[in-house]
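K.L.:
Sending over a structure as structure tokens; questions will come in a sec.
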Amino acid sequence: MSEIINKPVNLRKVAMIGCGFVGSASAFSLMQSGLFSQMVLIDADRQKAEGEAMDISHGVPFARHMVIYDGDYDDIVDAAIIIITAGANQKPEETRLDLVHKNVGIFKTIIPEIAKRNCQGILLIVSNPVDILTYTALKISGFPENRVIGSGTVLDTARLKYELSEHLSVDSRSIHAFIIGEHGDSEIAAWSSANISGIKVSEFCEMRGHYSHDENTKLIAETVKNSAYEIIQKKHATYYGIAMAVKRICEVIIRDEKSILPISSMMHGEYGIDDVVLSMPAVVGKNGVETKVPIDLSEEEQQKLKESADTLKKIIMECEF
């Protein structure tokens, strides 16, 4: 590797490390977005990256001009966002946390390659288990915390909005609700702060003729939590939903929207949780995470959030960084 130091960030360039189902679907989504004019694809199988770059490039005449090519780690130095989707796939009956040791091992080869090139862009971790791997990327890279974020529960939150929109027959974009905590089995639907255009969920449900609040909210939360397992059982992988989530996170960063997203980031005492990465709403902009956004949580939700953090901490303690 040639020595590359302080090469300025190109805000029109994105790098994708990992060209499996999630990486290629995300690259395809980004090609259509118009956010970038350059995209480099990197994979342990160079031919796979080359093939995906060729295939996606053939759609450029139907979208906006963009240069898409396969490359290596030297090509990521000036990327505004470096997206990591590399890792083993989640198999049927396997939890996201079951993937941890395989994918932490993979990250121990990827992250040092990024760190030694002094990249100034934002690391967006998408590989699962995303909270553990975001923590891994932070510890190994030494990058500022604001520049290392995970896709977290952005997709889970979208699933929650979708299920609520179906239940209430209302536009999902009018629903304000978050899934918080681990992107996984200990995730929490934050019903205490959820609303539909400012109206409490319970009140809006009654407006639409639904009165079994506890039963319905429990069913919706379980459906959201188990949806990935159901999709994997049926088609062996999930990738379209997360590809759209990746595109949305990139939009927020590149456009400096300062939108509030439930991304994975390091906790420092919030809700009594410290030194663990999990998802809480945060203001996101061109510099990554700007600030976390406190939301109203019931005592039960706060307890579940701590339990989610404890679940992740136990796994972190088994890993060596």
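K.L.:
Which ones in the stretch 284-321 are outside any helix (DSSP H, G or I), surrounded by 16 or more Cβ atoms within 10 Å (Cβ to Cβ) and of a type in the set (Val, Ile, Thr)?
P.N.:
Matches in the stretch 284-321: 284, 289, 295.
K.L.:
Being aliphatic (A, V, I, L, M), surrounded by 21 or more Cβ atoms within 10 Å (Cβ to Cβ) and free of Cβ contacts under 8 Å to residues at least 60 places away in the same chain narrows it down to one of 76, 42, 17, so name that one.
P.N.:
Only one candidate passes the filter, namely 42.
K.L.:
Could you say which residue among 167, 176, 183 is within 12 Å of the chain's Cα centre (by Cα) and outside the structural domain of residue 98 (by TED's automatic domain parsing)?
P.N.:
183
K.L.:
Quick one: what pairs do we get from the stretch 262-278, first residue at negative phi, second among the hydroxyl-bearing types (Ser, Thr, Tyr) and at pLDDT 95 or above, C-beta under 6 Å, 6+ apart or different chains?
P.N.:
Partner pairs satisfying both residue conditions: 262/153; 262/157; 262/279; 264/134; 264/279; 277/134; 277/135; 277/264.
K.L.:
Restricting attention to the stretch 52-70, which residues are farther than 13 Å from residue 30 by Cβ and more than 25 Å from the chain's Cα centre (by Cα)?
P.N.:
54, 58, 61, 62, 65
K.L.:
Counting residues that are more than 21 Å from residue 135 (Cα to Cα), which helices (runs of 4 or more DSSP H) fully inside the stretch 20-116 reach at least 2?
P.N.:
Once the helices (runs of 4 or more DSSP H) in the stretch 20-116 are filtered for at least 2 residues that are more than 21 Å from residue 135 (Cα to Cα), what remains is 21-33, 46-57.
K.L.:
Of all the residues that make up the stretch 79-100, how many are touching a helix residue (DSSP H, G or I) at 6+ places or on another chain (Cβ under 7 Å) and free of Cβ contacts under 8 Å to residues at least 12 places away in the same chain?
P.N.:
Number satisfying all stated conditions: 0.
K.L.:
For the stretch 139-164: of the residues being buried (at least 24 other Cβ atoms within 10 Å of the Cβ) and aliphatic (A, V, I, L, M), which is farthest from the chain's Cα centre (by Cα)?
P.N.:
Out of the qualifying residues, it is 164.
K.L.:
Of the numbered conditions (1) at pLDDT 95 or above; (2) farther than 15 Å from residue 153 by Cα, residue 232 fails exactly one; give the number of that condition.
P.N.:
(1)
K.L.:
Of the conditions (1) surrounded by 15 or more Cβ atoms within 10 Å (Cβ to Cβ); (2) over 30 Å from residue 226 (Cα atoms); (3) at pLDDT below 95, residue 96 clears all except one; give me its number.
P.N.:
Of the numbered conditions (1) surrounded by 15 or more Cβ atoms within 10 Å (Cβ to Cβ); (2) over 30 Å from residue 226 (Cα atoms); (3) at pLDDT below 95, the odd one out for residue 96 is (2).
K.L.:
Restricting attention to the stretch 206-228, which residues are in contact (Cβ under 8 Å) with a residue 24 or more places away in the chain, part of a helix (DSSP H, G or I) and not polar (S, T, N, Q)?
P.N.:
Listed by number, the residues that qualify are 220, 221, 224, 225, 228.
The values are calculated or read from the model by the stated rules, or taken from the named source; none is laboratory data. Note that this is a predicted model, so its numbers are computed, not measured. Note that we place each Cβ from the backbone using ideal geometry, even for glycine, and neighbour counts take in every protein chain shown.
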